[in-house]
Amino acid sequence: ERILDELFQDVTVARDITYGQNYSILTGSPLLQDLKMDVYTPVGDTSTRRPLIILMHSGSFLPNFVTGVPFGTKEDSCLVEMCTRFAKRGWVAVSMTYRLGWNPLDTTQELRAKGIVLAVYRAEQDLFTCIRYFKENASTYGVDTTKIVVGGSNSGAYVALAAASLNKASELMNPKFLDGNGNPFVDQSIWGDFHGKGGNPSFNNFDNPGHSNDFQMVLSLGGAVGDTLWQEPGEVPMVSMAGVADPGTPFNTGIVFVAATGNPVVEVSGAGDHMRVANRLGNQDILKGGNFPQGPPSTDGRVYEGLYPFYGAGFEPWGWYSQSTPVNPDASKQRAMAYIDTIMWYFSPRAYRLLMDTSYTWSGIY
């Protein structure tokens, strides 16, 4: 079955496809840049209505030549591996770039919080631009635009979770997202709305108009939401898998700190809390009753549909790198592949039930 099984042996990759343009602030002044992606498709697949999964990389919303870490691009090892596996299962799989930029060395917590919130907001707009690109070009890629999943690793997962939950201007008025004068960190008259419409044309470009931003599911790997108050009934179901010992993203609710300085940035809610809320709101109900493989209990001792805690794991255990890093010194390929095996095993039957057959229950054979 498509999604459940690897039906195809070979995958082709179309690299550096431009899905849109928007203004980057990395250089200080806004500069229009191409937004690129790699598209993975199964060789020999004749279907014209394939599910689409769009994944986004980690990297703290900064380029890796600034952070000095060997990850943070659409060519990250874990994204290449997962996109390849998804394509073999009959997906069109995408690893996309998004706009980066904020200053973790800003002198006040308010400025650091504003910087990171704006970075997530711009990346959310870019994700919606990418979704609209595929709706505009569905026949070219053989995509079923009613079967779209968005996700990512760490920073990329933050963006996917924001796309699922940060969708009202009132949600930007939470006190922790306001400056000292009571103004929201995100001024939509400058940056445009969530979809990317409007704003100052020198700061925001609305690309691929004429299509909705709708998608059907989130796959969050090590992500967090800015606040669980963003979450509401009727939002898309999620699968959220995370290392409980991740030093950068709290598993429940806590402060994110700048790794280099230890300075606080902003409070966020990781997998343990945002999945508890998603279950309470009923957003996971469609996945219940499927007899799916379950993850370990959360830190409160309860099992939540769609939540898989990786106990003993820290930052991005599903990734491996060309050199060791302080954030994940045991980043071996063998170890990472075992985590990716678990991600595919846990996520795939849920995606199948949601996108392909709502009566499907897991047999335990796959």
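Counting only DSSP beta bridges whose two residues both lie in the chain, roughly 50 percent are antiparallel. A convex hull fitted to the Cα coordinates of segment 40-86 yields 76 cubic angstrom per residue. Split the accessible area of the chain by element, probe 1.4 Å, and carbon with sulfur accounts for 51%. Ranking VAL43, VAL265 by solvent-accessible area of protein heavy atoms (1.4 Å probe, all protein chains present), from largest to smallest, gives VAL43, VAL265.
Gyration tensor over the Cα atoms of segment 12-157: the corresponding equivalent ellipsoid has semi-axes (square roots of 5 times the eigenvalues, largest first) of 30, 15, 12 Å. Across LYS288, LYS176, the residue with the most accessible area heads the list, and the full order at a 1.4 Å probe is LYS288, LYS176. Taking the chain as a Gaussian network of alpha-carbon nodes connected by springs under 10 Å, the highest mean-square fluctuation of the residues SER298, SER220, SER139 belongs to SER139.
Size descriptors for segment 195-291, from the alpha-carbon set: Rg then Dmax equal 16.6, 51 Å. For segment 190-199, 3J(HN,Hα) computed residue by residue from phi via the Karplus equation (6.51, -1.76, 1.60; θ = phi - 60°) reads 9, 8, x, 7, 4, 6, x, 7, x, x Hz, glycine and proline entered as x. Computed from the Cβ-Cβ distance with R0 of 35 Å, the FRET efficiency linking THR27 to LEU178 stands at 0.80.
Average projection, convex hull of the Cα set of segment 201-240: 4.8 square nanometres.
Sorting ARG335, ARG132, ARG49 by accessible area puts them as ARG49, ARG335, ARG132; the probe is 1.4 Å, largest comes first, and only protein heavy atoms count.
Entry comment: accessible area of segment 137-228 is 35 Å² per residue, from protein heavy atoms only and a probe of 1.4 Å. Helix-only arithmetic for the chain: the sum of -39500 (n - 2.57) across DSSP H runs with n ≥ 4, divided by the residue total, places the mean residue ellipticity at 222 nm at -8000 deg cm²/dmol.
The share of alpha-carbon pairs in the chain lying farther apart than 25 Å comes to 50%.
The smallest convex shape that holds all Cα atoms of segment 16-66, its convex hull, gives 114 Å³ per residue.
With Rh defined as the Kirkwood radius, the inverse of the mean 1/r over Cα pairs, the Rg/Rh of segment 244-353 is 1.00. Surface calculation, 1.4 Å probe, protein heavy atoms: LYS168 sits at approximately 90 Å² accessible. Its alpha carbons considered, segment 102-199 gives a radius of gyration followed by a Dmax of 15.3, 49 Å.
The values are calculated or read from the model by the stated rules, or taken from the named source; none is laboratory data. Bear in mind the structure is a predicted one, so any value in this text is a computation, not a measurement. Glycine gets a Cβ as well: all are built from the backbone with ideal geometry, and neighbour counts include every protein chain shown. SASA here: full protein model, heavy atoms, side chains in, ligands and nucleic acids out. Shrake-Rupley method; radii C 1.70, N 1.55, O 1.52, S 1.80 Å.
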